[in-house]
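Read through the structure below, which is laid out as structure tokens, and then see the notes.
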Amino acid sequence: MNRHNRSASATASTTEVTQETVLDPALVPDRTRIAVELHDTVIQRLFTTGLALHIALRELPVSPAADRIEDAIAVIDETIKRIRATIFVLDIPDMTTNRLRAEVWQ
């Protein structure tokens, strides 16, 4: 099996495990708690930090340092998007009753 096939096989295995875990009703309280914590603490802190950097950026002249701050803001924004996607996956209460979310998994 070549490296590409092993990678595809590992990804398929991980997807199966993730879907089984998401569907496990015993994990709903933990998933909900984690989703709330990610939203209420992590995303809010990242958003606040990004906003503070954006405000500071306005006060700086165009420079390599300003470019690095702009890059950091973009990384924070992308991180927030990824965490929100994770929250969506964690906070799916019942995949069988929510057809739209179930179709997203396919």
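In table form, for the structure just shown:
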read-out: Check on Ala12, modelled with pLDDT of 80 or more and among the small types (Gly, Ala, Ser); value: no
read-out: Filtered residue count, region 15-40, keeping only those that are under 19 Å from Arg82 (Cβ atoms), of a type outside the set (S, T, N, Q) and either surrounded by fewer than 10 Cβ atoms within 10 Å (Cβ to Cβ) or at pLDDT below 75 (or both); value: 1
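Results for (1) touching a residue at least 24 places away in the same chain (Cβ under 8 Å); (2) surrounded by 15 or more Cβ atoms within 10 Å (Cβ to Cβ); (3) part of a loop (DSSP other than H, G, I, E, B), shown as yes or no for each residue.
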residue	(1), (2), (3)
Leu57	no, yes, no
Val62	no, no, yes
Asp67	no, no, no
Asp71	no, no, no
Val75	no, no, no
Arg82	no, no, no
Ala85	no, no, no
Phe88	no, no, no
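The values are calculated or read from the model by the stated rules, or taken from the named source; none is laboratory data. Quantities reported herein were computed from a predicted structural model and do not represent experimental measurements. All Cβ positions, glycine included, derive from the backbone under ideal geometry; neighbour counts span all protein chains shown.
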